[in-house]
Structures are given as structure tokens and as C-alpha cells.
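Down below is the structure, laid out as C-alpha cells.
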């Protein structure tokens, strides 16, 4: 899914520009974003530490 690839690219970009803890990646989504957040957590469960779904 292209959106999962976009997540991977954004994460790479953030890692290269900011000092982030790669063991503390959390995602949150609302409505359709909540559905995507849940799907992303299954697809990238090795990277994502926590999920928040609203609505």
C-alpha cells in the first residue's frame, strides 16, 4: 500500500533531520485516519510502539 510506503519515507526523513528515539514511535488517527492507523500498526508493528484511534 502506498500509504505504508509514505510512512516509511516520512520516518526516514524525520530520523535524518531530528533526534528521535526510534523505539518510541507512536501514531494516532481520527475517523478514517483511525482505520489507517490500525492498519499501519499491523503492517509496521515492528516499528510502531503505540496506537491511538479516535472516532
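Summary of computed values
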quantity	calculated
Gyration tensor (alpha-carbon) shape descriptor, the chain, a/c threshold 1.5	prolate
The chain - percent relative contact order, Cα under 8 Å, separation 6 or more	37
On Cα atoms only, tilt of 32-43 relative to the major axis of the chain in degrees	60
By average C-beta atoms within 10 angstrom, highest first, the peptides 35-42, 10-17	35-42, 10-17
Full-stretch length increase - residue 11, residue 46 - with 0.36 nm per residue and alpha-carbon distance subtracted	11.3 nm
Inter-label distance, nm, simple model (7 Å from Cα along the C-beta direction), residue 38/residue 18	2.7
0 to 90° range, to nearest 10: angle between helix 2-17 axis and the chain longest Cα axis	30
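Readers should treat all values here as calculations from the given coordinates under stated rules, not as data from a laboratory. If you're wondering where the values come from, they're calculated on a predicted model, not measured in any experiment. Don't worry about glycine lacking a Cβ; one is built from the backbone with ideal geometry, like all the others, and counts go over all protein chains shown.
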